[in-house]
Amino acid sequence: MGDWLHCNSCYRQPGSGRNYFLTNCGHIYCENCQDKGWKERCLLCGTGHPSSFKLTSKLPPPVDAYFSDPIKMLKQTASEMKQILAATEFQHHQRKRFMTHLQKNVSNQKAIVEKCEKELKEKTLTVFAQLEKEKTKYQNESRQLKEENKYLKVLLSEKVMVLHPFGAIQEYAWIHYNDIRPDLCENTAYRGKDGCDS
Ligand SMILES: [Zn+2]
Ligand SMILES: [Zn+2]
């Protein structure tokens, strides 16, 4: 107990073997002053029949705080504050590290998506170019076939037979197939009357 502790009535301090009491109205009396009637009514504030308990070296919280050394309490608080500060710094560092990792992940994913988009665009353009090329090729072939068809129709309308390399040979006036498809004539085993090799 501190050097400030005294009976609020007789001002005596502990040490003489007498007991001291703390009332619920916050006043301290020694057992010798009970005769003055503080148990019936507080001598200082007038509270009637105040409850009280004996002051010992071990007091229950929160009463004990009122009898503790403030310097010791401050030191303890400072130590706890230091621990709180250290924990805050530690958690801040860990959180920052984790956030950096997440941001890096997002950047990596973004780069992968951009790469895939670029590749897809390039492949699409290549396929389109190929399709365009094939379209032109088929258009040319179609045009050529139409011209051939037109020519054949003219020949048929004039009742002139065309000697086909794979067909039957007719006895009519021959039109050399070479005139129509010289490319086929060169590569086939066409043989016939007035044929390619004639
Ligand atoms: Zn007293
Ligand atoms: Zn009182």
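Read-outs: derived from the displayed coordinates by stated rules, not from any lab. Every value quoted in this text rests on a predicted model; they were computed, and no experiment measured them. As a convention, Cβ positions derive from the backbone with ideal geometry for all residues, glycine included, and neighbour counts pool all protein chains shown.
Using a Förster distance of 30 angstrom, determine the FRET efficiency expected from the C-beta separation of HIS101 and THR77, and round it to 0.05. Taking R0 as 30 Å, the efficiency between HIS101 and THR77 is 0.25.
Taking label points 7 Å from Cα along the Cα-to-Cβ direction, LYS58 and TYR151 give a separation of 12.2 nm. Pairs exceeding a 32 Å alpha-carbon distance, out of LYS36/LYS58; LYS96/LYS123; LYS121/LYS150; LYS75/LYS104: LYS96/LYS123; LYS121/LYS150; LYS75/LYS104.
Neighbour counts of C-beta atoms inside 10 Å place HIS93, HIS27 in the sequence HIS93, HIS27, starting with the fewest. For LYS146, the lysines whose Cα comes closer than 17 Å to its Cα, not counting residues fewer than 8 places off in the same chain, are LYS135, LYS137. Determine, at each q value in 0.15, 0.23 (inverse angstroms), the log₁₀ of I(q)/I(0) that the Debye formula gives when each Cα of region 70-110 is one equal point scatterer. With one equal scatterer per Cα and no solvent, log10 I(q)/I(0) is -0.52, -0.73.
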